[in-house]
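What follows is one structure encoded as structure tokens, with my remarks underneath.
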Amino acid sequence: MPMKMGWRWYGEGNDPITLNDIKQIPGVTSIVWALHNKMPGEIWEIDEIQKVADQIHAYGFDMDVVESVNVHDDIKIGLPTRDKYIENYKQCIRNLSKFGVKVICYNFMPIFDWTRTDLFHPVGDGSTALFYQKDMIQDDYKAMADYILGFTEKYNMTFPGWEPERMAKLDELFKAYAPVTKEKLWENLKYFLEALMPTCRECDIKMAIHMDDPPWDIFGLPRLLVDAESIDRFLSMVDDEYNCLTLCSGSLNANPNNNVAEIVRKHCDRIAFAHIRNIHHFPNGDFSEAAHRDCCGETGIIEILRAYHDCGYEGYIRPDHGRQLWEEGPGNCRPGYGKYDRALGIQYMLGVWDLLDRLDEEKKKG
Ligand SMILES: O=C(O)[C@@H](O)[C@@H](O)[C@H](O)[C@H](O)CO
Ligand SMILES: [Fe+2]
């Protein structure tokens, strides 16, 4: 089955993992990339894209998926200036289409991207993983931002969505978002997507929204893509084949009531990009990210893969966060984006997939 396996790469000089490393992982054909020095709202220029394209193509990979072109706060807040930023976004789409890009992953979370309380939490076997302690995340957004930014500063790293320039204005940002209720945020998302759809069609690029992570409101900020119902609402709100999902199994299953395989079966044709991540839940509501193997967490990785396979999924898929293994730790590894666990995860996913292919073939032969 021609599902396409991707690997998220942060770019030369910005990722300790090289394209040469990635080339050695059996099955990877797509580099999931971005211009990580760009602020939300900026235009990605042709010559800048060309530089990365040359690097990626030199190794025979495609660059079909961008993660992420981040959305400017004015669009999410719904300020009059949003139209200017939407025009810039359209220009990004046009520029990316010149390089054969097929999918843009983005998110519509106010202020913060994914949120964790510990980036190197011991799992118990010597490895570490991203961890979320539920009662630590209360009202103190500053403490959480200090923790993440303290880390990125110390190790001279940037996290997408955690731009220091934006984080320096957190109080202002919170004020600006104060009038943005959940309904208002839905409206602003609709406005944004309706404006983009004609350009997407013209350029044959799908907008694929990432699930909110974790899938619930934090610090009083509304979050939209949190469960099956909100996904239904999202897809019917702008019912267009170019309005798609990045279905992130780990983000959704941070709420253990979310059944990702069911969502796959219902909306497979609107899933442009699949993130596969396994979550281990603790009884008190804390959760840890886990190895991709089904039994290492409770997300139901095998059932999810089976759902994609049954639907004849032909989109892009990638291992999402992995654990930090062996010598990987702060300073030499991007949290969640180490080399080894994601490579292991890919082999696990492809093992399941290959067997499902084989079983189908045998069934056909009778
Ligand atoms: O969890 C991750 O690292 C990613 O899946 C997200 O940060 C994702 O890239 C963004 O939310 C998409 O805009
Ligand atoms: Fe994800």
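The values are calculated or read from the model by the stated rules, or taken from the named source; none is laboratory data. None of the values given here were measured: they were computed from a predicted structure. Because the Cβ atoms are built from the backbone with ideal geometry, glycine has one as well, and the counts that use them run over all protein chains shown.
Just a few scattered comments:
- Selected residue (only one of Phe159, Phe151 is closer than 27 Å to Ile231 by Cα and surrounded by 14 or more Cβ atoms within 10 Å (Cβ to Cβ)): Phe159
- Residues that are under 19 Å from Asp118 (Cβ atoms) and either in contact with a Lys or Arg (Cβ under 9 Å, 6 or more places away or on another chain) or more than 16 Å from ligand 1 (Cβ to nearest atom) (or both) within segment 327-366 comprise Glu328, Gly329, Pro330, Gly331, Asn332, Cys333, Pro335, Gly336, Tyr337, Gly338, Asp341, listed in sequence order.
- Count - residues of segment 235-250 that are of a type outside the set (A, V, I, L, M) and within 16 Å of ligand 2 (Cβ to nearest atom): 5
- The residues of segment 307-327 that are part of a loop (DSSP other than H, G, I, E, B) and either touching a residue at least 60 places away in the same chain (Cβ under 8 Å) or not acidic (Asp, Glu) (or both), listed by number, are Cys311, Gly312, Tyr313, Glu314, Gly315, Asp320, His321, Gly322, Arg323, Leu325, Trp326.
- Leading residue by the ranking (farthest from Ala290 (Cα to Cα)) among those in segment 251-268 that are within 16 Å of ligand 1 (Cβ to nearest atom) and out of contact with any Leu (no Cβ under 9 Å at 6 or more places or on another chain): Asn255
- Look at (1) closer than 27 Å to Phe273 by Cβ; (2) not in a helix (DSSP H, G or I) and you find that Pro179 fails only one, number (1).
- So Glu187, is it surrounded by fewer than 21 Cβ atoms within 10 Å (Cβ to Cβ), without any contact (Cβ under 8 Å) to a residue 24 or more places away in the chain and among the acidic types (Asp, Glu): no
- Residue match in segment 216-228 (condition: of a type in the set (A, V, I, L, M), touching a Pro at 6+ places or on another chain (Cβ under 9 Å) and within 16 Å of ligand 2 (Cβ to nearest atom)): yes
- Verdict on Ile271 being of a type in the set (A, V, I, L, M), touching a Gly at 6+ places or on another chain (Cβ under 7 Å) and more than 19 Å from Pro16 (Cβ to Cβ): yes
- Test: Met237 is within 23 Å of Tyr89 (Cα to Cα) and within 18 Å of the chain's Cα centre (by Cα): no
- None of Arg306, Arg277, Arg270 is buried (at least 16 other Cβ atoms within 10 Å of the Cβ), within 13 Å of ligand 2 (Cβ to nearest atom) and basic (Lys, Arg) except Arg277.
- Conditions (1) closer than 18 Å to Val28 by Cβ; (2) within 16 Å of ligand 2 (Cβ to nearest atom); (3) not hydrophobic (A, V, I, L, M, F, W, C): number failed by Gly351: (2)
- Being hydrophobic (A, V, I, L, M, F, W, C) and crowded, with 24+ Cβ neighbours inside 10 Å is a condition met by no residue of segment 319-330.
- When residues in segment 214-225 are screened for being touching a Leu at 6+ places or on another chain (Cβ under 8 Å) and more than 13 Å from Trp114 (Cβ to Cβ), 2 of them pass.
- Flag if Gly250 is touching a Lys or Arg at 6+ places or on another chain (Cβ under 8 Å), within 18 Å of Pro215 (Cα to Cα) and surrounded by fewer than 24 Cβ atoms within 10 Å (Cβ to Cβ): no
- Qualifying residues in segment 38-70 (those that are in a loop (DSSP other than H, G, I, E, B) and without any contact (Cβ under 8 Å) to a residue 40 or more places away in the chain) - the one surrounded by the fewest Cβ atoms within 10 Å (Cβ to Cβ): Gly60
- Qualifying positions in segment 90-117 - within 13 Å of ligand 1 (Cβ to nearest atom) and either touching a Pro at 6+ places or on another chain (Cβ under 7 Å) or at pLDDT 95 or above (or both): Val103, Ile104, Cys105, Tyr106, Asn107, Phe108, Met109, Pro110, Asp113, Thr115
- Where Met39 falls short, out of the listed (1) of a type outside the set (D, E, K, R); (2) within 16 Å of ligand 1 (Cβ to nearest atom); (3) under 24 Å from Asp341 (Cβ atoms): (3)
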